[in-house]
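To start, the structure itself, in structure tokens.
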Amino acid sequence: MLKSIGLRSVDDLFAPIPAEYRLNRDLKIPRQMAESEIVDFFRARSRENGEGYTSFLGAGAYAHYRPVIIDSLISRGEFLTAYTPYQAEISQGTLQSIFEFQSMICELTGMEVANASMYDGSTAAAEAVMMAVRLTGRRSVVVARSLHPEYREVLATYATHQGMPLTIAGFGDDGRLNLEELEKSITAETGCVLIQSPNFFGTIEDVASIAEIAHKNGAMLVVSIAEAVSLGIVEPPREADVIAMEAQSFGVPLGFGGPYCGVIATREKFVRQMPGRLVGQTTDKQGRRGFVLTLATREQHIRREKATSNICTNQALVALMVNIFMTVYGKVGLKELAKQNLAKTTYAASQFAKQGKVLFAGAPRFNEFVVQTEEDSKAINGRLLEHKIVGGLPLKKFYPELGNAALWCCTELTTRSAIDAAVGLLHEGSARSAKEKEEAAEVTR
Amino acid sequence: MKQITRKASLQVNQNEGLIFEKSSAGKAAWKLPPLDVPEVDTAKLLGASERKDLGRMPEVSEIEIIRHFTRLSTWNYAIDLGMYPLGSCTMKYNPRVNEAVARVEGIANGHPYQPERISQGALYILKTLSEQLIEITGMDAITLQPAAGAHGEMTGLLMVRAYHQSRGNARKKILIPDSAHGTNPATAAMVNYAVENLKSDSRGMVDLAALEAQMTEDVAALMLTNPNTLGVFEQDIHKIADVLHAKGGLLYMDGANMNALVGKVRPGDFGVDVMHLNLHKTFSTPHGGGGPGSGPVAIKKILEPFVPTPVVVTKPDGTLAFDYNRPHSVGRVRAFYGNFGMFVRALAYIQANGPDGLRQTTEDAVLNANYIRKGLEGTYDLPYSTPTMHEVVFSDKLQAKKGVRTMDIAKRLIDYGFHPYTTAFPLIVPGALMIEPTESESKEEMDLFIEAMKSIAEEVEEDPQTVLDAPHSTRVSRLDETAAARRPVLRWKPAV
């Protein structure tokens, strides 16, 4: 081949690179490994990474069962090794599946349009807020303190240079957004209110009342949904103007935090300010139905610095996992699945209430709850780890005002015996601390 | 119609409606285990928040789902089927061992908030990949958090802004060559910088004189793709860096084309201050029909204080941990730690190649692009004769005389069994054909491609209508994109 292009050596190909910058040594990385060695390396890492533990963690990343056909189907090279469907005639598989994804997200969220995906729930929320700010022409944003703390951090990063002041509105004794505080925070400059429901504590927000307050002040309501399975049994936030979702619960592995699947859904009239790819239905020259990427004039490759977002590559393959999951469970299965989550959580909360204080009892919740204890959450978790149980997420870092509190999550995969074991170990702690107190009292006596 | 080449032949494929059209009540593909806790009264628990109806969600059986998606898949072109020379996208082979290791139990199912004590495996992967990417780029530090290239650009520019801010002046604008990806200007706008275009010279490179004239102390950075979108290495790169640095500006490198450099030259050695990588391009993680990507950002020491939180650190006892205490950080750009599953795949790719393999990969990618250039030179117009690295850009100038444009040639290429090249980009080449074979293609496959492109050029002369009406072999012919945008139908609704 070199000869046919008139060159003598491979080095000639790199002649355009000034000699002083060329690397004349091997990269300092390990030698080539055989496939068997690579597999061994990652198996060893897996063993150091919580393999075989029972977990009560949720907080934006949920352990649900993944039907096996998800991996069978997404492993087909025609899905796995294609790219963005720019050439519609040879991408109808990807395009139709995205169209179905958009349609099902609309059915589940009660919105009129949904995009083809965003990076994740946190960036989707930030982009949804920027969209609402563009639509209202007002720049400030009221954010619920009960929104996932890391979503808040991401929004703060995105907002820094957009001239978008953020105001935080707190939560009440029932764990829901404090409506009085919301009323006080909203001004004539507020472009939107951003909440999460079910919120970070698992509590379902009073979306209708929040929407009313936002709308009467001329602001939009953006609702983040981090636990998609809730949509099977919890009424979607139909009063919202924009919904920013994390669809990881729908068949996407936990994968230590990613890749996940964000998505934005909204009203038809707002579609031209929506970021991200969109697939639309059309016809070919013979009048046959087909699908194309559409409304690209919102996007960076056409509009450059005037685009609605810089997003290009999204999470297509993960959206396909979500699509297959939604298809498997469908109209009846999603509801039954959500019901099991609710039943497990209700049982767990009732058991935990015997050993600690379950906060926010005054409002409905989905599959998470906050337990306050006398003992430090990390000490409790240390004891549980000895029994291969990962306890709830200690909240001190995010919500110091809650004291020793942890966020526990149950899904359809959480067994009663695991719940009972965790509660038993919690009891051991409270029994021990009671005994220690007694002994201490005796010593003083 | 001209007899099509040896590469492709027609095959029957299955028709398939939308999943909603197959749905009927009572069909199911799911089964839950019996509940081991008491049943609950959802109405009582949820009150007004209880959902009663799931709209028109489908009800179908498992075999129907398998057939549905398998049929859809057969309507796609993919790397696994053949050459996918989509310029700028680096459609290289996606090794399957990457997929296997990403699915190992503790790696696929690790929770992002599980205690660090039982996350040492994941932390070690983050640390190892970071170190190896730093060595490959010649930079000093890295963040893996950004979810895609454009997200990396945003993260990089946030750090640029924070750096200038820390020196008392955030500056006002970003210089961007006219050959740049659309994400570059869109990103600059998201970080609230004004965009100033920089003209390319007759070689397709940054015009040094223009750069010198435009470089002021208002310029925060130049965003430069190198090799650029013409597949040309910016030979004056050190002078470019000097011009920027002399006025306190920074050099941002869009690493979309890093696959032309790995193991041969390191951006950190030629003056780059900040750059992003696309793991789904250079490091073989699958494109998946449009993602997930991953866009790590590598930086020089001066930008290190500003990296997103958290960062991985080694504790005195030798164990790994996340450090959240970074007072100068630009903050988080994503929840958790990034597209971890892609880190696993990229690391497996680096391991499978090692230093020799990575260097050869680069050499093969550049050799292949030059082979195609040689094969098609003369048949298609080559607007820039500057040496080609990993991709080559032709124009449709010769074919346009017959009324055939780059998109028509692209559509005809489909009939020959290839995915089209990138059309109409970069913008500085009117009617561009941007071809990137990658290292994955054999000489045989490229010979078939060259033969197909030559055959199409002949068709343009003899029977342009065949090309204008292409493709002829696909399930659907050219689709009406104008109608799709004028009256958008973005979701299924039942026929009334």
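The values are calculated or read from the model by the stated rules, or taken from the named source; none is laboratory data. What you see is a predicted model, and the numbers here were worked out from it, not measured in a lab. Every residue, glycine as well, gets a Cβ built from its backbone with ideal geometry; the counts of neighbours run over all protein chains shown.
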* Asked: Here are some residues: A:256, A:200. Which one is within 12 Å of chain B (Cβ to nearest Cβ), modelled with pLDDT of 95 or more and in a loop (DSSP other than H, G, I, E, B)?
  -> A:200
* Asked: Taking region A:86-114 as the search range and keeping residues that are at pLDDT 95 or above and part of a loop (DSSP other than H, G, I, E, B), which one is farthest from residue B:59 (Cα to Cα)?
  -> A:87
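Yes/no matrix, rows are residues, columns are (1) more than 19 Å from the chain's Cα centre (by Cα); (2) part of a helix (DSSP H, G or I); (3) away from chain A (no Cβ under 11 Å); (4) at pLDDT below 95:
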{"site": "B:132", "(1), (2), (3), (4)": "yes, yes, no, no"}
{"site": "B:145", "(1), (2), (3), (4)": "no, no, no, no"}
{"site": "B:163", "(1), (2), (3), (4)": "yes, yes, yes, no"}
{"site": "B:174", "(1), (2), (3), (4)": "yes, no, no, no"}
{"site": "B:179", "(1), (2), (3), (4)": "no, no, yes, yes"}
{"site": "B:195", "(1), (2), (3), (4)": "yes, no, no, no"}
{"site": "B:224", "(1), (2), (3), (4)": "no, no, yes, no"}
* Residue tally, condition surrounded by fewer than 22 Cβ atoms within 10 Å (Cβ to Cβ) and farther than 19 Å from residue A:108 by Cβ, over region A:263-283 -> 4
* Evaluate the following for residue A:40: is it more than 8 Å from chain B (Cβ to nearest Cβ) and surrounded by fewer than 18 Cβ atoms within 10 Å (Cβ to Cβ)? => yes
* Asked: Among the residues of region A:78-106, which ones are without any contact (Cβ under 8 Å) to a residue 24 or more places away in the chain and farther than 25 Å from residue A:288 by Cβ?
  -> A:81
* Structure fact -> So, first residue modelled with pLDDT of 95 or more in region B:361-380, second residue in a strand (DSSP E or B), Cβ within less than 7 Å, six or more apart or across chains; the pairs are B:369/B:392; B:372/B:392; B:372/B:435; B:373/B:392; B:376/B:394; B:380/B:394; B:380/B:433
* Asked: among the aromatic types (Phe, Trp, Tyr), within 17 Å of residue A:334 (Cβ to Cβ) and either modelled with pLDDT under 95 or in the same structural domain as residue A:150 (by TED's automatic domain parsing) (or both): does that describe residue A:270?
  -> no
* Asked: In region B:448-496, which residues are part of a helix (DSSP H, G or I), within 27 Å of the chain's Cα centre (by Cα) and assigned by TED's automatic domain parsing to the domain that holds residue B:437?
  -> B:448, B:449, B:450, B:452, B:453
* **Whichever residue in region A:100-123 is at the interface with another protein chain (Cβ under 7 Å from one of its Cβ atoms) and of a type in the set (D, E, K, R) and, among such residues, is farthest from residue A:271 (Cα to Cα)** => A:120
* Taking only region A:310-327 into account, find how many residues are farther than 30 Å from residue B:30 by Cα and more than 7 Å from every other protein chain (Cβ to nearest Cβ). => 0
* **Any chance residue B:67 is touching a residue at least 24 places away in the same chain (Cβ under 8 Å) and either assigned to a loop (DSSP other than H, G, I, E, B) or within 7 Å of another protein chain (Cβ to nearest Cβ) (or both)** => no
* To do: Could you tell me whether residue A:32 is farther than 30 Å from residue A:392 by Cα, facing another protein chain (nearest Cβ under 7 Å) and part of a helix (DSSP H, G or I)?
  => no
* Inside region A:15-36, can you point out the residues that are out of contact with any Asp or Glu (no Cβ under 8 Å at 6 or more places or on another chain) and surrounded by 13 or more Cβ atoms within 10 Å (Cβ to Cβ)? -> A:15, A:16, A:17, A:18, A:22, A:30, A:33, A:35
